[in-house]
Amino acid sequence: MTSLGLYIHIPFCRSRCDYCGFYSIGRKPTDRYIDALTKEMDLKSPDFEDRLCDTVYLGGGTPSSLSEAQLTRLMKTLSQHFRISNTAEITMEMNPCDMSESYLKNAMRAGVNRISIGVQEKHDHLLSAIGRRHTAKEAETAVKRAYRMGFHNLSLDLMYELPGQTVKDFEASLRWAVHLPVNHMSIYSLILEDGTRMAQLAERGRLARPSEEESWAMYQAMCRILPAYGFERYEISSFARKGYRSRHNQKYWELSDYLGLGPAACSRIGHTRTENTPGVRLYEKELLTGHPPQQEVETLSDTDEMEEYCFLHLRMKEGIPLDGFRKRYGEGITHWYGDAVKMLKEKKLLKEEAGHLFLTYHGAALGNFVFEQFLLD
Ligand code: SF4
């Protein structure tokens, strides 16, 4: 039976983080929103009757803004519509402020077996500078509580290149995080997304970001400290202890099929990529009056697909499996990318070993430059 990943978007946040460019709105989810999600499942699930869902991901926004009753109902409705494997990885993103004992107990009962926690930093002045509503102590308590209650597949997010953050601050965050009971970390540098408060501050020259040298030192600290504590860098931004890679995210990087539900949710089935239009109100209105959600549909050409295959695989430690590439596209990689691969190998940004082409240490630091070389136009 072919597998499928399920993504459910919960685009609600109690407050807006100053750096966030994701679509979300500032209120709690309503039962009406769960009604609309249920309708989308009614419409779409018949096409996936023959699929086994081996990963489920509740992302946001802030999925833990769902009430306990809403979460229970959502998980039950999902399992009534889709065939979910007994061994599925079921991840829920949570804000540390929401992780009370009662909330965690309910999430576990509902089937959640992996939690991704937005921790970001260990220094409160930096957390408040980026608009996070929790303290480091609250995050630490939440992580330990979840572990104590039986969630042994925990991931946390950290950020670097934050305004006012020093190399020492970031190193201290890393050293603090590796001693928390987590098996996975996603580490992101701050990207100034258009329209965010941070981007506006930067435009006005009022954002003191680390220098290039400091950013490079932070990057090196991440690559040095995390592996020393058993976290393998298996993807450009992702580190995991053995056996704890994110199975759901791997579906994105390996171009496997996934179905996204909710406004702004993306799906990829075969060569077709779909994105529901954002807008909770419109989404609810369409679905609750019996219409499918408005969406943009893109059918990927073979060329688009191949480009995406290359740069998504290059994000991962194992890189591009050269035999797999040949089988999928009929010719070896040098047929399409001979000059680019030669140049990137000469610059020591790519390496070939045991039938795989992958980023070197420096290649991973210059990922965007490498990926651009795989655009065919
Ligand atoms: S970073 Fe997360 S919690 Fe903050 S506004 Fe964005 S989606 Fe919401």
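The values are calculated or read from the model by the stated rules, or taken from the named source; none is laboratory data. Worth saying up front: this structure is predicted, and the values here are computed from it rather than measured. All Cβ positions, even for glycine, are placed from backbone atoms using ideal geometry, and neighbour counts span all protein chains on display. Quick note on the areas: whole protein, heavy atoms, side chains included, nothing else; ligands and nucleic acids left out. Shrake-Rupley method; radii C 1.70, N 1.55, O 1.52, S 1.80 Å.
Ranked from highest to lowest mean number of other Cβ atoms within 10 Å per residue, what is the order of the peptides 109-117, 337-345?
Most protected by this proxy first, the peptides run 109-117, 337-345.
Calculate the length of the line joining the C-alpha centroid of the stretch 146-201 to that of the stretch 224-264, in whole Å.
That distance is 15 Å.
For the stretch 231-377, state what percent of all Cα-Cα pairs lands in each successive 10 Å bin, counting from 0 Å until the bin that includes the largest distance.
All Cα pairs, binned at 10 Å, distribute as 10, 34, 30, 17, 7, 1 percent.
For the chain, with all protein chains present and a 1.4 Å probe, just round the carbon and sulfur fraction of the accessible area to a whole percent.
Roughly 49 percent, rounded to a whole number.
Place a +1 charge on the Cβ of each Lys and Arg in the chain and a -1 charge on the Cβ of each Asp and Glu, then give the dipole magnitude about the Cα centre in debye, rounded to the nearest 20. Don't skip to the answer; put the middle values down first.
Details: 48 positive and 51 negative charges, 304 e Å.
Magnitude of the dipole: close to 1460 debye.
Let's test the formula: R0 of 51 Å, r as the Cβ-Cβ distance of residue 100 and residue 302. What FRET efficiency results, to the nearest 0.05?
Values: r = 50 Å, r/R0 = 0.98.
So, using R0 = 51 Å, E works out to roughly 0.55.
Return the aspartates and glutamates within reach of residue 144: Cα separation strictly under 20 angstrom, same-chain partners fewer than 8 residues apart disregarded; answer none if there are no such residues.
93, 98, 101, 121, 124, 157
Could you tell me which of the pairs 242/351; 44/251; 251/351; 317/342; 39/122 are separated by over 31 angstrom between their Cα atoms in the structure shown?
In this structure, 39/122 exceed 31 Å between Cα atoms.
Label-point separation (nm) for residue 347 and residue 135, each offset 7 Å from Cα along Cα-to-Cβ?
Each label point is offset 7 Å from its Cα along the Cβ direction, giving 4.7 nm.
Can you work out the accessible area per residue across the stretch 302-372, with the rest of the protein chains kept in place, probe 1.4 Å, in square angstrom?
55
Stretch residue 328-residue 220 to full length: gain in nm at 0.36 nm per residue minus the Cα-Cα span?
35.3 nm
How long is the gain from residue 362 to residue 42 if the chain were fully straight, where each residue apart is worth 0.36 nm and the alpha carbon distance is subtracted?
The span from residue 362 to residue 42 would gain 110.5 nm if fully extended.
Label 7 Å along Cα→Cβ of residue 192; the stretch 104-142 residues with amide nitrogen under 20 Å?
Within reach of a label on residue 192, which here means backbone N under 20 Å from a point 7 Å along Cα→Cβ, the stretch 104-142 contributes 126-132.
What span do the alpha-carbon atoms of the stretch 302-372 cover on each of the three principal axes, reported in whole Å from largest to smallest?
30, 25, 22
Through the Karplus equation 6.51 cos²θ - 1.76 cosθ + 1.60, θ set to phi - 60°, convert the phi angles of the stretch 252-268 into ³J(HN,Hα) values in whole Hz; use x for Gly and Pro.
5, 6, 9, 6, 7, 6, 8, 10, x, 10, x, x, 6, 7, 9, 10, 9
So what is the 222 nm mean residue ellipticity for the chain from helices alone, if each DSSP H run of at least 4 adds -39500 (n - 2.57) and you divide by all residues, rounding to the nearest 500 deg cm²/dmol?
Values: 15 runs with 155 residues, N = 377.
One gets -12000 deg cm²/dmol as the mean residue ellipticity at 222 nm.
Just report the Cα centroid separation between the stretch 67-81 and the stretch 83-136, whole Å.
17
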